[in-house]
Structure formats: C-alpha cells, structure tokens
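Undergrad: Below is a structure I'd like to ask you about.
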Amino acid sequence: MASQEDVFKKLVAHCKEYGFVFPSSEIYDGLGAVYDYGQMGVELKNNIKKYWYDSMTLLHENIVGIDAAIFMHPTTWKASGHVDAFNDPLIDNKDSKKRYRADVLIEEQIAKYEEKIEKECNKAAKKFGDSFDKAMFFETNSRVKEYVTKKENLHTRFAKALNDNDLAELKQIIIDEEIVCPISGTKNWTDVRQFNLMFSTEMGASADGAMKVYLRPETAQGIFVNYLNVQKTGRMKIPFGIAQIGKAFRNEIVARQFVFRMREFEQMEMQFFVKPGTELEWFDKWKQTRLKWHKALGLGDHKYRFHDHDKLAHYANAATDIEFEMPFGFKEVEGIHSRTDFDLSQHSKYSGKKIEYFDPEINQSYTPYVIETSIGVDRMFLSVMAAAYNEEQLENGETRVVLNLPPALAPIKACIMPLVKKDGLPEKAKEIINDLKFDFRCQYDEKDSIGKRYRRQDAIGTPFCITVDHDTLNDNCVTIRHRDTMLQERVSIANLANIINQKVSMKDLFKNQLI
Ligand code: ATP
C-alpha cells in the first residue's frame, strides 16, 4: 500500500497535471507558499464558495453578505490586537538553518504519542479479537499507560507555556522531549522568538506622507467595522449574521503542505451577533450547524472531528476547530470561536464611536457578543480533493484515477462525445451541448478512443459522460455513463437535463444540512 506521503505527492502532481493548482509565477521558479488555481481548480473553488455562501445566506434569513476591502484603516489592526499580538513562536535549527513553529513541533510530538497508543491498541485488538476490552487494556497495559501519561503531561505543560506566553519554556519542552530537526536530525536549536505574521506596505505617493497599511490577515475585521452600517441599513435584529468571502494574507513562517498553509489565501467567515449571555448556546448551535455542512458533502463522516483549543485567544471564551483527515493527519479546516464583545468594544474604544444594539424586547442597549465561524477556502479545497482522489483497481487489471467529487462541486458536469468524428455525430453532439450549456458547465471531446476520453473525465471528476452514436441520429437517445459506478444506460436526449440536474444540483446538499 502507498504511504500517506506518496498519496499526498500524487495528489499534488495530479492537481498540476489536470489544471487544478499551479505554483505561482512558476516560470520564475515559483514563490514560497503562493499558488494559482488553474482552469479546473477555479471551478471547484467557486463551487465550494457558492456552497458556503448560499448555505449561509439562503438557509438563514438572518444572515446577509458583504464584500469589504482588503486594505483597512491601520488603527483597525491596533484595535483588534493584531499589531501587538498576531505572532507565532519560531525556532531555528542551527545545523540545517531551517525554521519551524515551536508550537507545531510540540503538537507533532503529542500526535506521535497518540499514534503509538493507537498502534498498541490495534495490535491488541487483533490479538484478542472479540474479547478485546479497550478500557481494560488502557488500565492494565504498562506500555500504553506510559504513553498516555507522557502525552498528558506534555499536553498540560504545553498548554501552560502557551497561555503564559513563556517562550523559554517552549524551548525547554523541545529539548526535554528530545525533538530533532527532520532535516539535520540534530537538537541544536536557537531560542524561541515571536514573529508577527502581518504583511505591511505603504499607501500614498510621497515617502513622508505615506501611511503604513497592512494586508488583512483575516477578513473578520471588515465585518466588525461594518457592523453598524449593516445593522442600521438592513434593519437587522439580533441575533443576526454577516458573511464574507475574501483574501487574507499571513507571512507564515513554515509554509509547506501545498495549499494547506499559504501566504495568500481565502477565507469564508461569518460573524453572528447575539445577546450577551446567550453566546455559549449559539456557539454549540453553530458547531453542529457547521459540522452538518461538512458532512452533507458525503466525504465520510469519520473524517471529521472537533478539537477544542488549549489556548484561548485573549478575546475568546470558547473555541474549537473542525479537523479533517488529510493525507498528513487530522488538521484544522475551520475554526469556531466565541469572541465575546471584544472586537466591537475595541473598535468602539479606538474610534470613539458608540457601537451598540438597542434591543426593543428588553428596552436596553448593549454591545453584542459574537460567534465566528471561519473556514479557509483553500483548506476546504484540499480536503475535498484528498477525499475524492482515488486509484481504483479494475477487474480487467487496469487502474483508473478518478476524482469522486461531490457532483455539485465538480468543475465539469458533463462531457459530450461523438463516437466518431464524422457522419454528422459531432454536429449532433454540439446540438446537445448548446442546449445543456445554459444550465451546466459542459465539455466537448472528440479526440482518442472513448475509453481514453472517459479516463480524462474521471481524472477531473466529471459525473457524466454522454456518447452520441449512429443510433442517436434515429432514436434521439444517447449513452450516459456514470463516473463512480462506470455503469452505462441509454436515455432519451430530452431527459438529459433532468438526469444531470438531479445529481449536480446543490439542493440536496442544502437539504441534508437541515436534517
Ligand atoms: P493554524 O493554526 O493552522 O495556523 P489558525 O488557527 O491560525 O490556523 P484561523 O486564524 O482560525 O487559523 O483562521 C481560520 C481558517 O483560515 C483556518 O481554519 C484555515 O482554514 C484558514 N487559514 C488560516 N491560515 C491559513 C493559511 N496560511 N493558509 C490557508 N488557510 C489558512
């Protein structure tokens, strides 16, 4: 079986070969952790964004969208705390000269203990079969007990160091745990330092009159500074939400793992404004709502888990991540945070404007509390691709590479193919496309054998291939081939739109979330 690393490498290669993702400015050897989406990638990405945006704004009457600018008044970032505290702890290995995030090195060490525990469990489960009692095993097996203790101690120590902002202790943990640099294999580490992740530039013509501005590191602040505008002009009543999709920029220290961690990426964020005191109830509701959104895609329920934060940001009173099982382990795709009234209060303080809500039900004004759901488009893209990528062993001994994408997200919905390039078949195929193209993104392909054409569409995840043959000219029927089952059926051209629509419409995805 291929290792997880091989699977990931293959996925990255596939993304490039089929026009999903290219390294940025590749002819100049690329730019670290910046990527461009190609002709297929942009379609998949747009479909993901539509699924999110419509789920927010169509399914919830009290959520509206905005599109705020990337540049914001610099005081925004002072008020939000980003100028002073948007830092990552970094550490360098003196031998390899490679830079790492100290917190990530320690998290990986915790994951190693977890893996060891799981391995022991799997071994015992195999050995004891049906009589295996996991709870008992944890209590009695000395090796597992040792790993659990080590893991828990490390976890406690790590959480405390993060909360105390104790950089020396983070380094000490790395030394005590004997964590080595994966490149040099040595423990020759520098001290841990803080590094601000915001990119800055200058706005204005003359050097002395220019103002230092930042490329936003999150889209959320564009929502907070517009809270009053939207609430007043939209006559919004609490609880209500504002949703936004847009670019964000972070000067990430360690930028590996493809589109998982980029320096320029895209976020889909929704801030939900609630009455103080009700926020934890809403936090739980949004946790469930967001998990349903993910699961409705059918990528596999077992691939998701919640991960509660060890260190709450200074503004939060509850926070969790939705993690997805990527080829390199369970990783955060989305964060859900109860941000209290921190952001609105800070903006009120720094701007000198009153930012409140008059609640007619209790005849009182208050600063609303906020629940945030924040998901990266690119990480979502990666999780969909990772779950969809399959190498199938066919009965005839061949392998086929297929993307089992949720049909509603697939870049191309149908490919229309004339069996041969003559006898009026291409014309008939074009006639069909000209009818379908108003509703569905279609491709036309007349090159190579039908088998090869099927494979090309499998590789980009097209749910339907439609073949026009000589009989079509008489009976107005075509052969439709289903991507996942490879089954073929003869259907009337008049039914095509219906058949495709049933599979590729987002309606079922929306409905599945409401169950
Ligand atoms: P991490 O701990 O992985 O750096 P984070 O906790 O800083 O992520 P948030 O600030 O909560 O991330 O951002 C919300 C979402 O934005 C994340 O769940 C992720 O999907 C996405 N995101 C954050 N940073 C990046 C990045 N550098 N590249 C791609 N997506 C990102």
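The values are calculated or read from the model by the stated rules, or taken from the named source; none is laboratory data. Because the structure is a prediction, the values reported are computed rather than measured. Cβ coordinates were reconstructed from backbone atoms using ideal geometry, including for glycine residues, and neighbour counts include every protein chain displayed.
Undergrad: Go over the candidates V144, V213, V180 one by one and state the one that is outside the structural domain of R263 (by TED's automatic domain parsing), in contact (Cβ under 8 Å) with a residue 24 or more places away in the chain and among the β-branched types (V, I, T). Show your work before the answer.
TA: Numbers: V213 fails: outside the structural domain of R263 (by TED's automatic domain parsing); V180 fails: in contact (Cβ under 8 Å) with a residue 24 or more places away in the chain.
Only one candidate qualifies: V144.
Undergrad: Continuing with the same structure: Scan L299, L344, L382 and give me the residue that is in contact (Cβ under 8 Å) with a residue 24 or more places away in the chain, part of a loop (DSSP other than H, G, I, E, B) and buried (at least 19 other Cβ atoms within 10 Å of the Cβ).
TA: Details: L344 fails: part of a loop (DSSP other than H, G, I, E, B); L382 fails: part of a loop (DSSP other than H, G, I, E, B).
So the residue among L299, L344, L382 that is in contact (Cβ under 8 Å) with a residue 24 or more places away in the chain, part of a loop (DSSP other than H, G, I, E, B) and buried (at least 19 other Cβ atoms within 10 Å of the Cβ) is L299.
Undergrad: Restricting attention to the range 407-428, does a residue exist that is surrounded by fewer than 22 Cβ atoms within 10 Å (Cβ to Cβ), within 35 Å of the chain's Cα centre (by Cα), free of Cβ contacts under 8 Å to residues at least 60 places away in the same chain and not in a loop (DSSP other than H, G, I, E, B)?
TA: No, there is no match, as no residue in the range 407-428 is surrounded by fewer than 22 Cβ atoms within 10 Å (Cβ to Cβ), within 35 Å of the chain's Cα centre (by Cα), free of Cβ contacts under 8 Å to residues at least 60 places away in the same chain and not in a loop (DSSP other than H, G, I, E, B).
Undergrad: OK, next. If I179 passes every condition in (1) at pLDDT below 95; (2) surrounded by 12 or more Cβ atoms within 10 Å (Cβ to Cβ) but one, which one does it miss?
TA: (1)
Undergrad: Quick check on my filter: what residues within the range 217-236 are touching a residue at least 24 places away in the same chain (Cβ under 8 Å), more than 9 Å from the ligand (Cβ to nearest atom) and more than 20 Å from S55 (Cα to Cα)?
TA: Q221, G222, F224, V225, N226, Y227, L228, Q231
Undergrad: Okay, moving on. I need the full set of residues from the range 238-286 which are charged (D, E, K, R) and away from the ligand (no atom under 15 Å from the Cβ), in order please.
TA: Within the range 238-286, the subset charged (D, E, K, R) is 247, 250, 252, 256, 261, 263-264, 266, 269, 275, 279, 281, 284-285.
Once the filter is applied, which keeps residues that are charged (D, E, K, R) and away from the ligand (no atom under 15 Å from the Cβ), the range 238-286 yields K275, E279, E281, D284, K285.
Undergrad: Still on this structure: Which one of E120, E146, E114 is at pLDDT below 90, of a type in the set (D, E) and more than 16 Å from the ligand (Cβ to nearest atom)? Walk me through how you get there before you give the answer.
TA: Values: E146 fails: at pLDDT below 90; E114 fails: at pLDDT below 90.
Selected residue: E120, the only one of E120, E146, E114 that is at pLDDT below 90, of a type in the set (D, E) and more than 16 Å from the ligand (Cβ to nearest atom).
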